[in-house]
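Asker: For reference, the structure I am asking about is given below.
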Amino acid sequence: MKKYKKILTTLDMSELDDVLVDYTLKMAKYLDAKTIYGAHIIPVILIPNFIKLDPSNFFLPTAPAVEKIREKVFNEIKTKSGETDLSIHIKIEEGRPFAKLMKMVSDVKPDLLIFGKKEKSEGSGITSKRVAHNANADLLLVPQSADLNIQKIMVPVDFSENSYRAIQVVQQLKEAMKLNGKIDLVHVLDASVVEQYSSYQIYKELSTLLPKIADQQYQKFINQYGLDESNFNLTCQMTDGENIANALLDFAEEEDYQLIVMGAKGHSYFNNFVFGSVAETLIDLTHKLPIMIIR
């Protein structure tokens, strides 16, 4: 069982905060987290040094504002959490949003970083893709219109160790959520070459060979990691040139999943978070479905 002791959630005093706090508290319960950090960053307006301003006329000290924000965020999380043993901390920083968020992640070292995705970007510089590339933690992207009632979870798989890590977390979530039924695994087969060279008999046969090859890979995967096949439902989706991430997202929306959980490729030499283009594109495209990326 993977340990999630600390969760860091990014907040910005917008309507999205309500969704993020609710989602954070749910995940803290399901993952048995002990500590929640609410992170808020006050952007600093950079003024060229050749402009002369009288600070007494234009600016007030920031400290009182920081404390008011801290109190407001703490009270919102505490009120929603009710009677709980959770340790709640609020971190307020001033400066460039992305740089400060990365500093918070470095200081706190969360096991899970939760951040939101608004329906319309406000240009803060904290994009989901940018965070994912730089944050050394498992990630959970929560869109503004996310369904908080999680009943169905989809796990995209490529039959690698990354897929196995994602499956382990989903097993953990399903048990905590008391969800019945099998874990839904989805594997996408790229059949674009079949369409491109359809006039050649050898490529025509690929359309029937690819599912067989995928099933062989699946059986090898099940055996390698000692998984009970009866606990899983594997669906193979064929795509004829459509982006694999698009195919996964379309399938997830058609089948009414409320959460996608997938494994990342791990770390680079410099300990940066590096993962495949499928996960990267998924978090870039999604507007309704939360995406959880497991290291």
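The values are calculated or read from the model by the stated rules, or taken from the named source; none is laboratory data. The shown structure was predicted, so the numbers you read here are calculated from the model rather than taken from an experiment. Cβ sites come from the backbone with ideal geometry, for glycine too, and all protein chains shown count toward neighbours.
Asker: Quick check on this structure: which one of ASN149, ASN180 is more than 18 Å from the chain's Cα centre (by Cα) and modelled with pLDDT of 75 or more?
Answerer: On the way: ASN149 fails: more than 18 Å from the chain's Cα centre (by Cα).
Matching residue, one of ASN149, ASN180: ASN180.
Asker: Sticking with this structure for a sec: State all residues of the range 22-41 that are farther than 18 Å from LEU173 by Cβ and either touching a Ser or Thr at 6+ places or on another chain (Cβ under 7 Å) or among the hydroxyl-bearing types (Ser, Thr, Tyr) (or both); if no residue qualifies, say none.
Answerer: Kept after step one, since they are farther than 18 Å from LEU173 by Cβ, are these residues of the range 22-41: 35, 37-41.
Passing the criteria: THR35, TYR37, GLY38, ALA39.
Asker: Which one of the conditions (1) closer than 25 Å to LEU259 by Cα; (2) modelled with pLDDT of 85 or more; (3) of a type in the set (D, E, K, R) does ARG96 fail to meet, given that it meets all the rest?
Answerer: (1)
Asker: Please identify the pairs in which a residue from the range 157-177 that is closer than 18 Å to ALA33 by Cβ and not assigned by TED's automatic domain parsing to the domain that holds LEU249 has its Cβ atom under 8 Å from the Cβ atom of a residue that is surrounded by fewer than 22 Cβ atoms within 10 Å (Cβ to Cβ) and basic (Lys, Arg), counting only partners at least 6 apart or on another chain.
Answerer: Close Cβ pairs satisfying both conditions: none exist.
Asker: Filter the range 69-91 down to the residues that are over 24 Å from ILE42 (Cβ atoms) and either outside the structural domain of ILE42 (by TED's automatic domain parsing) or among the acidic types (Asp, Glu) (or both), then identify the one that is modelled with the highest pLDDT.
Answerer: It comes out as ASP85.
Asker: If we scan the range 41-61, do we find a residue that is β-branched (Val, Ile, Thr), at pLDDT 75 or above, over 21 Å from GLY95 (Cβ atoms) and part of a strand (DSSP E or B)?
Answerer: No: zero hits.
Asker: Do we have any residue at all in the range 126-134 that's assigned to a helix (DSSP H, G or I), surrounded by 20 or more Cβ atoms within 10 Å (Cβ to Cβ), within 20 Å of the chain's Cα centre (by Cα) and β-branched (Val, Ile, Thr)?
Answerer: Within the range 126-134, one or more residues are assigned to a helix (DSSP H, G or I), surrounded by 20 or more Cβ atoms within 10 Å (Cβ to Cβ), within 20 Å of the chain's Cα centre (by Cα) and β-branched (Val, Ile, Thr).
Asker: Hey, among GLU83, GLU119, which residue is assigned to a loop (DSSP other than H, G, I, E, B) and free of Cβ contacts under 8 Å to residues at least 12 places away in the same chain?
Answerer: Only one candidate qualifies: GLU83.
Asker: Still on this model: Taking only pairs six or more apart or across chains, which ones have beta-carbon atoms under 9 Å, a first residue in the range 128-150 that is in contact (Cβ under 8 Å) with a residue 24 or more places away in the chain and under 17 Å from THR281 (Cβ atoms), and a second residue that is assigned to a loop (DSSP other than H, G, I, E, B) and acidic (Asp, Glu)?
Answerer: Correct list of pairs: PRO143/GLU119.
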